[in-house]
Amino acid sequence: NAIVEFRKAIEICPSSLKSHGFLMLGNCHMALGNYKEADNNYDSIITGYGFSEEFPEALYQKGRIAFINGKYEISIDFLNQFIDNSASHPLEGNAFYWMAESLFNLGHIEESLKLYRIVETEYKDSYKYEAAKYRIELINLGKREEELIKLLKWSHEEALREREQFIKKEKEYNQAILSYQKKLALLSEEDTNSLLISLRETNNVLKKQLEMQDQLIKKMNDEINALKNNQQEGKSRTAAPGETQQDAAAGTMPQ
């Protein structure tokens, strides 16, 4: 109903009010998830009413539409234009947040973190303030998990090297046993039994040490897998509070 009335209004209203009509039409289509129609109305403002009060917000909304469509670089470009033309617009904090989200989705984590912190420190009244704080905590958590995984991987590699050394030593001892066996024929029965007992004890010690190394490697593998699972669960929660693509698709229109 609003769309019908705003279209009528645009046809009969003075030129000074038409840009506002196009903005409201675009916002109605945004709320309905008609992003192409919304984009066309915002384009009407950008191309025909570049000096109007609605011009900055039209840039902002086009940045949002580009983000929703997964065109993150285009989204960043429009949002940058919005900030350059905003003159302390109430949506500035939101614009920094959506630019950070675009960078995050492009894999530029450190760059996105800087923009999230701008929202956190300079735009405490922004609708996206809590969402920015959430993202900062999530990124910092991911960094800690990555460091732990690297540490465990290094420990795992060290354990593997030690195991290889044990295997090498075991082979050397086996070769030594074969050498001793050849000499057994020259020894008395009593000396032979004593030597066999000594060699068996040495071999048992080596086997126990090798088993301990295998258990240590298994434990480290389990810890690495657990951390990787935690990291995947963290990534699945990357959808921050506030507006999401699903919100828009469901017909809601948070800013």
Quick one: if you stick a label point 7 Å off each Cα along the C-beta vector at residue 80 and residue 106, how many nm between them? 0.8 nm
How much length is gained on full extension from residue 13 to residue 218, taking 0.36 nm per residue of separation minus their Cα-Cα distance? 66.3 nm
Share of the stretch 1-82's accessible area from carbon and sulfur, percent, 1.4 Å? 55 percent
Hey, rough spin-label estimate for residue 172 and residue 71, points 7 angstrom out along Cα→Cβ, what's it come to in nanometres? 6.7 nm
Using a 7 Å offset from the Cα along the Cα-to-Cβ direction at both residue 40 and residue 233, what is the distance between the two label points in nm, to one decimal? 4.7 nm
At a 10 angstrom cut-off on C-beta neighbours, averaged per residue, how do the peptides 104-110, 61-67 rank from highest to lowest? 61-67, 104-110
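Mind ranking 117-129, 198-210 by how tightly packed they are, going by the mean number of other C-beta atoms within 10 angstrom, highest first? Could the numbers behind the result be given before it?
Details: 117-129: 17.5, 198-210: 12.5.
Averaged packing, sorted descending, gives the order 117-129, 198-210.
The values are calculated or read from the model by the stated rules, or taken from the named source; none is laboratory data. Values in this document were obtained by computation on a predicted structure and should not be read as measured data. Using ideal geometry, Cβ is built from the backbone for each residue, glycine included, and neighbour counts are taken over all protein chains shown. Areas reflect the complete protein model, heavy atoms only, side chains present, ligands, DNA and RNA absent. Shrake-Rupley method; radii C 1.70, N 1.55, O 1.52, S 1.80 Å.
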